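Here is the structure we will look at.
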Amino acid sequence: MFGLDPWQFWTIFAVTAFAGFVKGAIGFAMPLIMASAFASILPPQVALAALILPVLTTNIHQALRQGPAAAMRSTHDFRWHIAMVLVFLMLSAGLARQIPQALMYALLGLPILAFALWQLAGRPLALPIHHRRRAEIATGIIGGLYGGISGIWGPPLVVLLLSLGTPKQEQARVQGVVFLLGAAGLTMAHLMSGILNAQTIPLSAALCIPAFGGMLAGFALQDRMHVAEFRRWTLILLVITGLNLARRALSPWI
């Protein structure tokens, strides 16, 4: 079945459905969940290829949920972050086979963990408005570098949105727009790198089915969440994300 044992396929099928549900409810973390679980049972390059099309297609729906006009407005408002993600994602995609991922996971996971714990402790971090462009550029560069290598570029954007106090609906839409454009760049980059190929594309396409099913269920939950609850669960998910990235960074030595 797509070159996998049946248990492998059905395991990643279930993981993708759960990841889609979390994405629908919180607005992000789909590639984080998929990459973490897939890496445990699939070769690294197959794990990366498998998540690309589900991430791409679900982000189309998330970005356009409030209509094309709202999506275009979000694109304009966060154009500096988006530009940096796309440029550095394309630049780093060719390094996916070369850079030690343990180092990258540590450099991404530990700051995310510290930020989320700081916010959950009731000590908000607000970026001054006159520093917004620099913050967008910095988080875009970080997200793009990690995205090309690991398929994960969302956490820096989530940190930026939380720091700016972005409303719930706008946060979900901006995430969808940025993730969609990044996913399109990632897809093109790995078509060129050879990671997404005739053997891995069918598997990635098949996983779009559970991804959409899970996401639609998650949307129903998100619509009933209060803003404070949405923000708290986003931070909790960031803590889990940071811990998991730190675990992956340490796994070669454990």
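The values are calculated or read from the model by the stated rules, or taken from the named source; none is laboratory data. Quantities reported herein were computed from a predicted structural model and do not represent experimental measurements. Note that each Cβ is placed from the backbone with ideal geometry, even for glycine, and that neighbours are counted across all protein chains shown. What goes into the accessible areas is simple: the full protein's heavy atoms, side chains included, and nothing from ligands, DNA or RNA. Shrake-Rupley method; radii C 1.70, N 1.55, O 1.52, S 1.80 Å.
Return only the number of the condition from (1) touching a residue at least 60 places away in the same chain (Cβ under 8 Å); (2) under 17 Å from the mean Cα position of the chain (by Cα); (3) under 19 Å from Lys23 (Cα atoms); (4) part of a helix (DSSP H, G or I) that Leu216 does not satisfy.
Here Leu216 clears every test but (2).
Any residue in segment 70-87 that's in contact (Cβ under 8 Å) with a residue 60 or more places away in the chain: show its pairings with residues that are among the charged types (D, E, K, R) and open to solvent by 90 Å² or more (accessible area, probe 1.4 Å) at Cβ separation under 7 Å, as long as the two are six or more apart or on different chains.
From residues that are in contact (Cβ under 8 Å) with a residue 60 or more places away in the chain, the pairs are Trp80/Arg133.
Under 8 Å by Cβ, and 6 or more places apart or on different chains, what pairs join a residue from segment 220-241 that is part of a loop (DSSP other than H, G, I, E, B) with one that is basic (Lys, Arg)?
Listed pairs, sorted by first residue: Met225/Lys168.
Restricting to segment 173-205, count the residues that are of a type in the set (Gly, Ala, Ser), assigned to a helix (DSSP H, G or I) and at pLDDT 85 or above.
Selection size over segment 173-205: 4.
Quick check on Ile142: is it farther than 17 Å from Thr75 by Cβ, assigned to a helix (DSSP H, G or I), open to solvent by 40 Å² or more (accessible area, probe 1.4 Å) and at pLDDT 80 or above? Spell out the reasoning first.
Details: farther than 17 Å from Thr75 by Cβ: yes; assigned to a helix (DSSP H, G or I): yes; open to solvent by 40 Å² or more (accessible area, probe 1.4 Å): yes; at pLDDT 80 or above: yes.
Yes.
If we scan segment 31-49, do we find a residue that is among the aromatic types (Phe, Trp, Tyr) and within 13 Å of Val177 (Cβ to Cβ)?
Going through segment 31-49, the residues among the aromatic types (Phe, Trp, Tyr) turn out to be 38.
Filter again for within 13 Å of Val177 (Cβ to Cβ), leaving none.
No, that holds for no residue.
Look at Val159 and say whether it is open to solvent by 60 Å² or more (accessible area, probe 1.4 Å) and in contact (Cβ under 8 Å) with a residue 40 or more places away in the chain.
No.
Against the definition (at positive phi and among the hydrophobic types (A, V, I, L, M, F, W, C)), how does Ala47 come out, yes or no? Outline the logic, then answer.
Values: at positive phi: no; among the hydrophobic types (A, V, I, L, M, F, W, C): yes.
Answer is no for this residue.
Please work out which one of (1) farther than 21 Å from Gln119 by Cβ; (2) touching a residue at least 60 places away in the same chain (Cβ under 8 Å); (3) of a type in the set (A, V, I, L, M, F, W, C) is the condition Leu191 fails and give its number.
(2)
Within segment 219-240, restricting attention to residues that are within 19 Å of the chain's Cα centre (by Cα) and aliphatic (A, V, I, L, M), which residue is surrounded by the fewest Cβ atoms within 10 Å (Cβ to Cβ)?
Ile236
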